[in-house]
Every structure is written in structure tokens, then in C-alpha cells.
Amino acid sequence: MSDSMPTTPEAVRTRAATADARRRRKARPQTRRWRRGLLMAAYIVFVLLPIYWLLNLSFQTNNEILGELTLWPQNFTLDNYANIFGDANWYMGYVNSIAYVLMNMAISMVVALPAAYAFSRYKFIGDKHLFFWLLTNMMAPPAVFLLPYFQLYYTVGLFDTHVAVALAHCLFNIPLAVWILEGFMSGVPKEIDETAFIDGYSFPRFFVRIFLPMIRSGIGVTLFFLFMFSWVELLLARTLTSTQAQPIASVMTRTSTASGIDWGTLSAAGVLTIVPGILVVYFVRNHIAKGFALGRT
């Protein structure tokens, strides 16, 4: 006996409703994908438009910038970049910024790695209070420490040096580094430490050869945030320097002259300021992706 579909009006209406619901379910994901695509495209345009406009201005003359609005350079020129690389005040600003940023990253990591290990592995009196106190330093605005730093560095002869800015940034970067690294280190089982010590590893050898490779994603994320804070920070860097260690952010604020603001050169300087950040993100992109998934960030 062969199976047959019911042909009553109620059965036909039920089958039609089921088929219609199935078609709607198939069409719904397609609509959602279109909406997500449009939202993503709008977000990308919103984020990249200022960068494109800055790049566009960097290839224009001041007369064109102050004239009619254009979506791309009408008179393409590289004079703005030539002004930067031909003027020591401009390109030394980049050198100074890179110098104190690298110094700050090195000092912060040397201090933060053992401190974060101690917080993640040992319990001692006041450990939570000390950890909270470190985080409160991140909450204070840099202007609070501006005058003490200025008087201290001017007295000891560190004013207008790369070391002055690097040490000043440590007040904010070391707590940040400890906070991020402690989250990654707490995720490593303590049994690994004990097994290594049983196998005869000394602590320095274990820490460098075994433990640090296990948290390399956390180190990459930490270096990324240290670089970003120190690279874009302006208040301390501008106040604690004068001529010898003046950062690029400070140089860019002094482009106003009697003839007006050199918008083209300022735009070119802005483009070159973005380049180091892009390079840092490119080299640590894999670690950042893992770090956002595993650590405190």
C-alpha cells in the first residue's frame, strides 16, 4: 500500500503554511547578511574617511586646501613631505618620539614582567590593595603629575631628555602592563612552574625559556598598548622637553606662523605619524588577536 498526501482543505492549508515558513526562514539569513554587510561598509567608510582626507590634504598645496573642496588632489605635489624630510626640526621630532617610546617600552616590560608574575603566583599581605593602588595610577590624569615631574627633572638635570619622558610615561604604562600580563600569567597552570623546578631549572632560566614563550601573546598585546599610549601622549612629552628631545606631537602644534598655518605640511606630518602605529599593529596582529580572546583586554 503506497503512502499518499492528505487532500483535505485543512491539510493543504497546513502544507502551504509550512512551505511559506520554510521560504521565509531561508530568505531571512540572506537579508541579515545584507544588513550586516551594509553596516560593516558604513563603519569602514566612517573610520577610514578621516585617514583618507588627511592623506588627500598631504598631497595638496595650501592654496588648493584653502580653496574649493576636492575629493582628490588636483595639483599633486610631494613638497609637503620634502619639507619634513628636509627640515631637521621635523624629522628629529620623529626620531625623538621613537627614542623615548622604545625606552619606555623596555623599562616598563623589565619592571612589569616580574611584578605581574609575583601577583599571579604568590599571595602576600596587602597584595590586592597594592594591585588596586597600581590601577589607580592609570585613573589619574597626566596633568596631576605635571608640576612635580617638571620640578624634579629640572633639578636633577633630566629636563629636555628622552629619559625624562620615558620615565614619566612609566607611571601610567607600568600599571597597565602589570594588569594585562597578570591576566595572562594567571591562565598558566602553576604545575608548569613546579615541574620545571623539579627538572632542575633555575628561576631565571625557567622564566626566560619556558614561561615567557607561553605568554608571548600577552607580551605582544602589552607592547601594543604601551606603544600607543607613549606615542600619542602630548602633555607630559611637550612639557618635559624643549629643543633637544622635542617629540613630533609637540612639533606639530607649532606650525602656525605669521603667514598662517601650513596645512599641507601639517597633514603630511600627520600621515607619517600614523605609519609607526600601522607597522606595530602589522607585526603583532596575531598576538593581539589571541590576546583579546585570552587576556584581560
>> Using helices alone, I'd like the mean residue ellipticity at 222 nm for the chain: each DSSP H run of four-plus residues gives -39500 (n - 2.57), total over residue count, nearest 500.
In response: -24000 deg cm²/dmol
> Averaged per residue, what accessible area in Å² does the chain show with a 1.4 Å probe, protein chains only?
Replying inline: 62
> Of Ala196, Ala116, Ala168, which is the most mobile in a GNM of the chain whose springs link Cα atoms less than 10 angstrom apart?
Replying inline: Ala196
> Tell me, what HN-Hα J-couplings in whole Hz come from the Karplus equation 6.51 cos²θ - 1.76 cosθ + 1.60 at θ = phi - 60° for each residue of the range 76-92, using x for Gly and Pro?
Replying inline: 4, 8, 10, 5, 5, 6, 5, 5, 6, 6, x, 10, 4, 5, 7, 6, 6
> So how much slack lies between Ala19 and Asn56, counting 0.36 nm per residue of separation and subtracting their Cα-Cα distance, in nm?
Replying inline: 7.9 nm
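When a/c reaches 1.5 or more, the comparison of a/b and b/c decides; with that in mind, is the range 31-94 rounded, prolate or oblate per its Cα gyration tensor?
Note, shape of the range 31-94 comes out oblate.
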>> Using +1 at the C-beta of Lys and Arg and -1 at the C-beta of Asp and Glu, which of Met185, Ile278, Ala99 has the Cα lying farthest in the positive direction of the dipole of the chain?
In response: Met185
>> Quick check: from the Cα gyration tensor, does the chain come out rounded (a/c under 1.5), prolate or oblate?
In response: oblate
>> I'd like the orientation of helix 285-294 relative to the chain: the angle between its Cα long axis and the longest Cα principal axis, in ° from 0 to 90, rounded to 10.
In response: 70
> Using the Karplus equation 6.51 cos²θ - 1.76 cosθ + 1.60 (θ = phi - 60°), what ³J(HN,Hα) coupling, rounded to whole Hz, does each residue of the range 234-239 give in order, writing x for Gly and Pro?
Replying inline: 10, 4, 5, 4, 6, 6
> From the backbone phi of the range 216-225, what are the Karplus-calculated ³J(HN,Hα) couplings (6.51 cos²θ - 1.76 cosθ + 1.60, θ = phi - 60°) in whole Hz, Gly and Pro given as x?
Replying inline: 4, 5, x, 5, x, 4, 4, 4, 4, 5
> Looking only at trypsin sites (Lys or Arg not before Pro) in DSSP loops with at most 13 other Cβ atoms within 10 Å, what is the longest site-free stretch of the chain?
Replying inline: 124-253
> Placing +1 at every Lys and Arg Cβ and -1 at every Asp and Glu Cβ, with all other atoms neutral, what dipole size does the range 120-233 have around its Cα centre, in debye to the nearest 20?
Replying inline: 120
>> With angles folded into 0 to 90 degrees, how steeply does helix 9-58 sit against the dominant principal axis of the chain? Use alpha carbons for both and round to 10.
In response: 20
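Based on Cβ point charges of +1 for Lys and Arg and -1 for Asp and Glu, what charge dipole magnitude is obtained for the chain about its Cα centre, in debye rounded to the nearest 20? Can you show the working numbers first?
On the way: 24 positive and 16 negative charges, 370 e Å.
Magnitude of the dipole: close to 1780 debye.
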> Rounded to a whole number, what % of the accessible area of the chain do carbon and sulfur atoms account for, probe 1.4 Å?
Replying inline: 67
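The values are calculated or read from the model by the stated rules, or taken from the named source; none is laboratory data. Worth saying up front: this structure is predicted, and the values here are computed from it rather than measured. We place every Cβ from the backbone using ideal geometry, glycine too, and count neighbours over all the protein chains shown. Surface accessibility is based on the protein's heavy atoms, side chains included, excluding ligands, DNA and RNA. Shrake-Rupley method; radii C 1.70, N 1.55, O 1.52, S 1.80 Å.
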